[in-house]
Each structure stands twice: as C-alpha cells, then as structure tokens.
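Undergrad: Let me begin by handing over the structure; questions about it come next.
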Amino acid sequence: MKLMDEKGRLFGRINVIDLLVILLVIAAVGALAWKFAGKKAAAAVADPHTDLTFTVVFEDTQPDVCAFAHTQLNKQILNDSRLQDATITDVRTQPSSGTEGHEDLFMTVRGSATYKAGAYKLVSQEIRVGCEYILKTSEFEMTGIICSMEASDG
C-alpha cells in the first residue's frame with residue numbers, strides 16, 4: 001500500500017488538505033481549552049491562602065468595653081456564623097483624644113486570608129487599611145477601622 005495514491009489521498013482514505021484542516025481545528029480547540037480551563041486549573045491547584053496580620057482600631061471606646069476586649073485574646077474570629085482560621089493575637093489600649101476617660105482600643109488579628117480580585121478577604125470581609133471591619137468572636141462584636149496590615153506567604 002502506498003503512502004499517497006494518485007488522487008492525493010493518504011493511505012487511499014483522506015485528502016492531505018482535509019487532514020491539515022482537521023489538525024488545525026484540533027490545535028485551535030486545544031489552545032482555547034488551555035486559555036479558558038488551563039489557567040483556572042492551575043489556580044485551583046495553587047494554595048490561595050496567605051497569612052495575614054492586621055490591626056483594627058476602635059476609637060473613643062468606653063473603658064468597660066476595653067476591659068472586656070482583653071478577655072478576647074487568643075479567641076477565634078467568627079464570620080458567616082462559623083469560627084474562622086483567624087485569632088486575636090494582641091489587645092491594647094491608649095487614652096482617647098475624643099472623650100475624657102474613653103480609650104482607643106487596638107486589636108490585632110492573625111489568620112489565613114485569600115487574595116482575590118485585588119483584595120485580601122477573610123471569608124466575606126475585605127481586609128484593606130482604612131476600611132471598616134466588623135471584628136466578631138462568639139462573645140464580642142464591634143466595628144472599627146483597619147489601621148495596619150501585613151501579609152506573608154507563610
């Protein structure tokens with residue numbers, strides 16, 4: 001059996017031009033599949049979590065709330081009704097410049113956050129310096145402003 005017959009067909013069955021068109025279509029489908037699914041598959045395999053440490057300030061806070069906040073040291077953060085992979089690692093106060101006798105409360109959180117769409121997120125809350133943050137444990141909840149943040153790869 002000849003490789004190419006007198007009509008230009010390979011093995012007497014398929015035209016060379018048809019074979020080239022089929023190979024081109026297969027290559028185009030493969031390239032599109034890699035473009036749309038390959039990046040997503042590579043991203044799914046990569047660990048999307050980052051160790052993140054951030055501090056939330058609660059300005060002009062009553063002294064009894066500050067005292068209770070100190071009991072929250074080493075407690076896990078609650079978000080979307082579930083305990084998260086984040087813990088309060090530091091609680092400190094300083095006199096407030098707002099109201100006499102009140103304090104500014106600083107609470108530092110360390111946890112595992114994701115980085116998506118240009119922002120760090122701890123479950124549903126974005127973590128950005130200057131943004132409001134609802135810090136919640138099973139016993140405590142306050143809204144403050146993120147005043148510092150540091151991310152590391154682990």
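Undergrad: Condition first: part of a strand (DSSP E or B), loosely packed, with under 14 Cβ neighbours inside 10 Å and either among the acidic types (Asp, Glu) or touching a helix residue (DSSP H, G or I) at 6+ places or on another chain (Cβ under 8 Å) (or both). Now tell me which residues in segment 133-154 satisfy that.
TA: 141, 150
Undergrad: Which number in (1) at pLDDT 95 or above; (2) more than 20 Å from residue 82 (Cβ to Cβ) marks the one condition that residue 115 misses?
TA: (1) is the only condition that residue 115 fails.
Undergrad: Also, I was wondering about something else. If a residue has to be within 18 Å of the chain's Cα centre (by Cα), outside any strand (DSSP E or B) and among the small types (Gly, Ala, Ser) to count, how many in segment 54-96 make the cut?
TA: Selection size over segment 54-96: 0.
Undergrad: Quick check on residue 95: is it surrounded by fewer than 16 Cβ atoms within 10 Å (Cβ to Cβ), within 30 Å of residue 150 (Cβ to Cβ) and touching a residue at least 12 places away in the same chain (Cβ under 8 Å)?
TA: Judged against the criteria, residue 95 is not a match.
Undergrad: If we keep just the residues of segment 136-154 that are under 16 Å from residue 113 (Cβ atoms) and acidic (Asp, Glu), which is modelled with the highest pLDDT?
TA: Step by step, filter segment 136-154, then rank; the result is 150.
Undergrad: Let me ask another. Of the conditions (1) under 17 Å from residue 51 (Cβ atoms); (2) surrounded by 12 or more Cβ atoms within 10 Å (Cβ to Cβ), residue 116 clears all except one; give me its number.
TA: With respect to (1) under 17 Å from residue 51 (Cβ atoms); (2) surrounded by 12 or more Cβ atoms within 10 Å (Cβ to Cβ), residue 116 is out only on (2).
The values are calculated or read from the model by the stated rules, or taken from the named source; none is laboratory data. All figures in this text were calculated on a predicted structure; none of them were measured in a lab. When we count neighbours, we look across all protein chains shown, and the Cβ atoms used for this are built from the backbone with ideal geometry, even at glycine.
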